[in-house]
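Chemist: This is the structure, below, for whatever I ask next.
The values are calculated or read from the model by the stated rules, or taken from the named source; none is laboratory data. This structure is a prediction, so every number in the text was calculated from the model and none was measured. A quick note on method: Cβ atoms are made from the backbone with ideal geometry, for glycine too, and the neighbour counts reach across all protein chains shown. Side chains are part of the model used for accessible areas, which takes the heavy atoms of the whole protein and leaves out ligands, DNA and RNA. Shrake-Rupley method; radii C 1.70, N 1.55, O 1.52, S 1.80 Å.
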Amino acid sequence: MRLVVIGLGYSAQRFIERHRSRFSAVTGTVRTPEKAAALSAEGLPAVAFGPEAKDPALDEILAGAEALLVSAPPGPKGDPLLQAHAGALARAKGLRWIGYLSTVGVYGDHGGGLVDEGTPPRPSSGRSRARLDAEIAWLGFGERSGTPVQVFRIAGIYGPGRNALANLAEGTAKRIVKPGQVFNRIHVDDIGAALAASLDRPRPGGIYNLADDEPAPPQDVVAYAATLMEVAPPPEIPFDEAELSPMARSFYGENKRVSNRRLREELGVRLLYPTYREGLAALWSEGEGRG
């Protein structure tokens, strides 16, 4: 199966690293020709696609795709791939799976209540509204083309190099406390497992929440990481006193508990790391946070 990945970011590269053996060929896109050349030299063929540059070879690559993973964010005018390469996608007669990586942010704020894939989206931020628009566009493309499109709404991603252990080691971890606030998370390897399961059983129009089993207060995650490292956790900071970027502060404006029942029951995914505790313990054993 020939896989094309639009946007070789953290999750997409980890997916390729862990599941490359199931594909006969893998090609991805990055924003600049320089980065494309660097990745290609490392053994991951890549072409440029972004505001800075567009490689004309991408049309031919898309036309030969059998699986397409879209990880790039939407632009100001919608999904950039659908806008610029709809013709090539229409010629991709062998395309039999499309996965679109979205965000649980499309649900908006639910005051700590439970949401699932049947919950009507009501995004509160501009970036989440853009994600929802892109979801709708891709699902519409699937209906028109007959290609199975799956949408994956992803919670907070952590994994190697991106976790509370690493933040503590770098001195950047904060324990910000906002009473009642919880977040779901997902280990990057559980994202890969979900994508692999979907490739084996694609469902046209399928929407799946990729989230762990236990929504938890963010300060608890930092405290647990500190316990693993046998260091004192940073002091608690009331949310109203915390110095946060506008984007970081906006995350605290949404409070919800995300159900992953469909992921488990329909795709049969058994999470490798059902809570942050298993995930951080595994990362610690792999050397994360040891400086």
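Chemist: With everything on Cα atoms, drop me the angle between helix 218-229 and the longest principal axis of the chain, reported from 0 to 90° to the nearest 10.
Modeler: Relative to the chain, helix 218-229 is tipped by roughly 80 degrees.
Chemist: Okay, moving on. In debye, nearest 20, what is the charge dipole magnitude of the chain about its Cα centre with +1 on Lys and Arg Cβ and -1 on Asp and Glu Cβ, if you could check?
Modeler: Numbers: 34 positive and 34 negative charges, 147 e Å.
In debye, rounded to 20, the chain gives about 700.
Chemist: Something else about it: Given segment 163-281 reduced to its alpha-carbon atoms as identical point scatterers, what log10 I(q)/I(0) does the Debye formula return at q = 0.12, 0.16, 0.18, 0.19 Å⁻¹?
Modeler: -0.51, -0.83, -0.98, -1.05
Chemist: Can you pull the percent of segment 176-233's accessible area that's carbon plus sulfur, 1.4 Å probe, other chains left in place?
Modeler: On the way: 1120 of 2010 Å².
Within segment 176-233, the accessible surface is 55 percent carbon and sulfur.
Chemist: Hey, another quick one. So what is Rg over Rh here for segment 80-169, counting just Cα atoms and using Kirkwood for Rh?
Modeler: Values: Rg = 16.3 Å, Rh = 15.2 Å.
Ratio of gyration radius to Kirkwood radius for segment 80-169: 1.07.
Chemist: Just want to confirm a number: the relative contact order over the chain, from Cα pairs under 8 angstrom separated by 6+ residues, in percent. Write out the running numbers ahead of the final one.
Modeler: Values: 541 pairs, mean separation 53.7, N = 291.
Taking the mean separation of contacting Cα pairs over the length of the chain, I get 18 percent.
Chemist: Out of segment 1-78, which GluC sites (Glu not before Pro) are coil in DSSP terms and have no more than 12 other C-beta atoms within 10 Å?
Modeler: Details: sites: 17, 34, 42, 52, 60, 66; in loops: 42, 52, 66.
The qualifying sites are 42, 52.
Chemist: Determine the order of 247, 229, 1 by accessible area, beginning with the largest, at a probe radius of 1.4 Å. Please list the in-between numbers first.
Modeler: Working: 247 105, 229 30, 1 55 Å².
Largest accessible area first, the residues go 247, 1, 229.
Chemist: Still on this structure, I have one more. Which trypsin sites (Lys or Arg not before Pro) does segment 17-88 hold that lie in a coil by DSSP with at most 13 other beta carbons within 10 Å? Display every interim value, and only then the final one.
Modeler: Working: sites: 18, 20, 22, 31, 35, 54, 77; in loops: 31, 77.
Taking segment 17-88 and a limit of 13 other Cβ atoms within 10 Å, the loop trypsin sites (Lys or Arg not before Pro) found are 77.
Chemist: To test your reading of the geometry: what angle, between 0 and 90 degrees and rounded to tens, separates the Cα axis of helix 126-145 from the longest principal axis of the chain?
Modeler: 30
Chemist: Measuring with a 1.4 Å probe in the full set of protein chains, what accessible area per residue, in whole Å², belongs to segment 1-62? Mind dumping the intermediate values first?
Modeler: Working: 3120 Å² over 62 residues.
I get 50 Å² per residue for segment 1-62.
Chemist: Whole-Hz Karplus ³J(HN,Hα) for segment 199-213, in order, using 6.51 cos²θ - 1.76 cosθ + 1.60 and θ = phi - 60°, x for Gly and Pro?
Modeler: 3J(HN,Hα) across segment 199-213, in whole Hz: 4, 7, 9, x, 10, x, x, x, 10, 9, 7, 9, 8, 7, 7.
Chemist: With Rg and Dmax of the Cα atoms in Å in mind, check (i) 27.9, 85; (ii) 21.8, 78; (iii) 19.3, 58 and report the label derived from this structure.
Modeler: Recomputing Rg and Dmax of the Cα atoms in Å here picks out (iii).
Chemist: In segment 118-165, carbon and sulfur make up what percent of the accessible area (probe 1.4 Å)? Don't skip to the end; give the middle numbers.
Modeler: Numbers: 1100 of 2070 Å².
Its accessible area is 53 percent carbon and sulfur atoms.
Chemist: Rounded to the nearest 5, what % of the DSSP beta bridges within the chain are antiparallel ones?
Modeler: Numbers: 4 of 39 bridges.
Just about 10 percent of them are antiparallel.
Chemist: Follow-up question, since we're still on this one. What is the sum of charges around residue 88, taking Lys and Arg as +1, Asp and Glu as -1, for the other residues whose C-beta is under 9 Å from the C-beta of residue 88? Each step should come with its number before you reach the end.
Modeler: On the way: positive: 91; negative: 59, 60.
Its environment carries a net charge of -1.
Chemist: Hey, another quick one. Give me the one-decimal Kirkwood hydrodynamic radius in Å for segment 134-221, with the sum taken over alpha-carbon pairs.
Modeler: Working: mean 1/r = 0.0660 Å⁻¹.
Result for segment 134-221 stands at 15.2 Å.
Chemist: Still on this structure, I have one more. Given a 10 angstrom Cα cut-off, can you work out which residue in 225, 84, 12 is the most mobile in a GNM of the chain?
Modeler: Of 225, 84, 12, the most mobile in the Gaussian network model is 84.
Chemist: According to a simple spin-label model (label point 7 Å from Cα along Cα-to-Cβ), what is the distance in nm between residue 110 and residue 282?
Modeler: 2.5
Chemist: Report the GluC sites (Glu not before Pro) located in segment 204-291 that are in a DSSP loop and have at most 12 other Cβ atoms inside 10 Å of their Cβ, or state none. It would help to have the intermediate numbers written out before the result.
Modeler: Numbers: sites: 230, 236, 241, 243, 254, 265, 266, 278, 286, 288; in loops: 230, 243, 254, 286, 288.
Those satisfying the criteria are 230, 243, 286.
Chemist: Full extension from residue 213 to residue 86: what is 0.36 nm times the residue separation minus their Cα-Cα distance, to one decimal in nm?
Modeler: That pair, residue 213 and residue 86, stretches by 42.0 nm at full extension.
Chemist: Which residue, 121, 56, 217, tops the fluctuation ranking in a GNM of the chain built on C-alpha contacts under 10 Å?
Modeler: Residue with maximal mean-square fluctuation among 121, 56, 217: 56.
Chemist: Additional query: What nm value, rounded to one decimal, do you get for the distance between residue 93 and residue 232 when each label is placed 7 Å out toward the C-beta?
Modeler: Inter-label distance under the simple model: 7.0 nm.
Chemist: Any idea how many Lys pairs in the chain come in under 27 angstrom at the alpha carbon, given 8 or more places apart or on separate chains? List each step's numbers first, then the result.
Modeler: Values: 35/54; 35/77; 54/77; 54/93; 77/93; 174/256; 178/256.
Lysine pairs meeting the criterion: 7.
Chemist: Determine the dipole magnitude for segment 75-182: charges of +1 sit on the beta-carbon of Lys and Arg, -1 on that of Asp and Glu, nothing else is charged, the reference point is the Cα centre, and the result goes in debye to the nearest 20.
Modeler: On the way: 14 positive and 8 negative charges, 45 e Å.
Taking the Cα centre of segment 75-182 as origin, the dipole is about 220 debye.
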